[in-house]
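Asks: This structure is in structure tokens; I'll ask about it shortly.
No value in this document is a laboratory result; all are computed from the given coordinates. Please read these numbers as outputs of a predicted model, since none were measured by experiment. Heads up, the Cβs are rebuilt from the backbone with ideal geometry, glycines too, and the neighbour counts pull from every protein chain shown.
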Amino acid sequence: MLERTTIETTSGPIQGRKKDDVFLFAGVPYAAPPVGSLRFKAPQPHAGWQTPREALKFSPAAPQIPSGGLTDSANVRYAEDCLYLNVSTPAADNGKRAVMVWIHGGGYRTGQGSIPWYNGTSFNKNGDIVVVSINYRLGALGFTDLSHLGDEYANSGINGILDQIAALQWVQDNIAAFGGDPNRVTIAGESAGAFSVATLLGCDAAQGLFQQAIPQSGGAHHTLPKAAAARVTSIFLEHLLPDHNAANQALGLEAASVEDILAAQQSTISHFEQGAGVANELGVAVSPFYPAHGTPLLAEPPLDRLSQGCGKDVAVLTGSNAHETTLWGYGEISEAKLERIAQGYGADSVLAAYRDARPDATVEELLIALTTDHMFRIPAVRLAEAREAQGAQTWMYLFAWESRAFGGRLKATHALEIPFTFNNLNRAGVDVFLGPGEQPQALADTMHQAWIAFINSGDPGWPAYDRNTRTTMVFNTHSECVNDPAAQERAAWEGLR
């Protein structure tokens, strides 16, 4: 028989259960369903309930279309009523434990907080940490800038970020009842989850809701300027509401089916990817339906706000993987394609530095190194540099363990570090990424303990990053601190963002 327990929250009582010797509360609403007149608008407080509500199974994900990649190939159960979170805790007492709030990745288009890789049981047991995972609105529903429709849509270009802030406010108001301390909150995430963490770090409205942050494979560069967001919106509305004028767009947006919205979202993405290209048409190398800055809540790019001191009192652990972009296919790779991509980055001279540093590298290896640094490593460095100038402390890591899967082709690919940090090597799907051979549990133990140390104390156990030493913990079969890894290539990006 399941052991159940009931907790009183600000919205009403919820009933969770004991699983794997920890307590799990799954599918807990943190805001009102963003449906009907609330579609495309900021999250609102939940109306609440009086009798105990079962929190025994995970909620549907936000509406999404799987991209067909290794990390999101399967269809998911989704619903617009998606603003739910999950809490796992060692005990629902007055323990005042450190709290980790995990924000899932998926390019702001896919994902959910209930993925087995994000199971927080090891953090509960090994670190005495309360773990929260959340869903938030994705794609067009979460990040279409409809501010031209009036003040109630003023921040619609960052509704997904507003959802995250609402979840963090729920944590502030309720986590003590789950054994957590609202003054010891770490926000963490990978990929778009890391972009979210960095955006929250540079958002004034989110300050005070967390004390530490862990952006894994994602910096503060990934937001759309107002003009670019408006262009995305224009193409989206052409696909969704071709016969509507500005006067009745709001009604059309509310009446459209979620399936039609997803179809228009996909057509919009295809427009930019198959036409002139995202960077050429939008002016930035950021995908459609990403958070927009130039809004009342996010007036400036997050990196600019970090450079001005926003979030300087928050301790940050950040880093990237050595071969992030092996996860994506680039089709046939040639010298011409490599040079064209470098030119798109405005980094022709950077490519010369990579050739010099890697004289025996193939064209594919050069492409992976260049794109990995442009998308992930250099943004992490820029985030650390911006914070150091304000006296803020940041710790840097590089995950370098190479997968044996697919004949070793993935190497230290994007997202591979997640089951190591969560100590979840045995969870479903992880074996596909690890490949054959002995399980690298020792590395998982090392990384998991470093994350536990940071969440509990604000220090993962190695020197903080600064411009003089650029100390970086390189996680591998043998993990060690290295000063300024791949220094020649890093230096080649100086002056470029």
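Asks: Restricting to Cα pairs below 8 Å that are 6+ residues apart, what does the relative contact order work out to for the chain? Please round to a whole percent.
Replies: So the answer I get is 13 percent.
Asks: Next question, about the same structure. Name the residue farthest towards the positive end of the dipole of region 305-463 from the options Leu434, Tyr354, His374, assuming +1 on Cβ of Lys and Arg, -1 on Cβ of Asp and Glu, about the Cα centre.
Replies: His374
Asks: Amide H to amide H under 5 Å from Phe475: which residues, 5+ apart in sequence or cross-chain, H placed 1.01 Å off N in plane?
Replies: Leu398, Phe399, Ala400
Asks: Moving on to the next point. Kindly rank 165-173, 316-324 from highest to lowest mean number of other beta carbons found within 10 Å of each residue.
Replies: 316-324, 165-173
Asks: Follow-up. What does the net charge come to around His448 if you take all other residues with beta carbon closer than 12 Å to its beta carbon, with K and R at +1 and D and E at -1?
Replies: Its environment carries a net charge of -1.
Asks: Check the chain and count each lysine pair with an alpha-carbon distance under 29 angstrom, considering only pairs eight or more places apart or from different chains.
Replies: Close lysine pairs under the 29 Å cut-off: 14.
Asks: How much FRET efficiency would the formula 1/(1 + (r/R0)^6) give for Glu364 and Arg467, where r is the Cβ-Cβ distance and R0 is 25 Å, rounded to 0.05?
Replies: For R0 = 25 Å, the calculated efficiency reads 0.20.
Asks: Quickly rank 291-297, 351-357 as a protection proxy: mean count of other C-beta atoms within 10 Å, highest first.
Replies: Packing order, densest peptide first, comes out as 291-297, 351-357.
Asks: Pop out the ³J(HN,Hα) list for region 127-142 in order, Karplus 6.51 cos²θ - 1.76 cosθ + 1.60 with θ = phi - 60°, rounded to Hz; leave Gly and Pro as x.
Replies: With the stated coefficients, region 127-142 comes to x, 6, 10, 8, 10, 10, 10, 10, 9, 8, 5, 10, x, 4, 5, x Hz.
Asks: Also, I was wondering about something else. Divide by every residue of the chain the summed helix terms, -39500 (n - 2.57) for each DSSP H run of at least 4, and state the resulting mean residue ellipticity at 222 nm, rounded to the nearest 500 deg cm²/dmol.
Replies: Using -39500 (n - 2.57) per qualifying helix, the result is -9500 deg cm²/dmol.
Asks: What residues from region 250-271 fall in the zone where the backbone N is under 16 Å from a label point 7 Å along the Cα-to-C-beta line of Leu149?
Replies: What the label zone holds, given the 16 Å backbone N cut-off, is 250-265.
Asks: Further question: Percent of Cα-Cα pairs more than 25 Å apart in region 1-103, please.
Replies: For region 1-103, the fraction of Cα-Cα distances above 25 Å is 31 percent.
Asks: For every other residue with a beta carbon closer than 10 angstrom to the beta carbon of His414, add +1 if it is Lys or Arg and -1 if Asp or Glu, then tell me the sum.
Replies: Summing Lys/Arg as +1 and Asp/Glu as -1 gives -3.
Asks: Then there's this: If we sort 374-380, 441-447 on the protection proxy, mean other Cβ atoms within 10 Å, highest first, what's the order?
Replies: 374-380, 441-447
Asks: Between (i) 1.22; (ii) 0.95; (iii) 1.03, which matches Rg/Rh (Cα atoms, Kirkwood Rh) calculated for the structure shown?
Replies: Read-out taken from this structure: (ii).
Asks: Moving to a separate point now. Can you put Asp459, Asp163, Asp93 in order of Cβ neighbours within 10 angstrom, beginning with the fewest?
Replies: The most exposed by this proxy come first: Asp93, Asp459, Asp163.
Asks: With Cβ to Cβ distances under 15 Å as the rule, what net charge do the other residues near Pro29 carry (K, R +1; D, E -1)?
Replies: Taking every other residue near Pro29 into account, the sum is -3.
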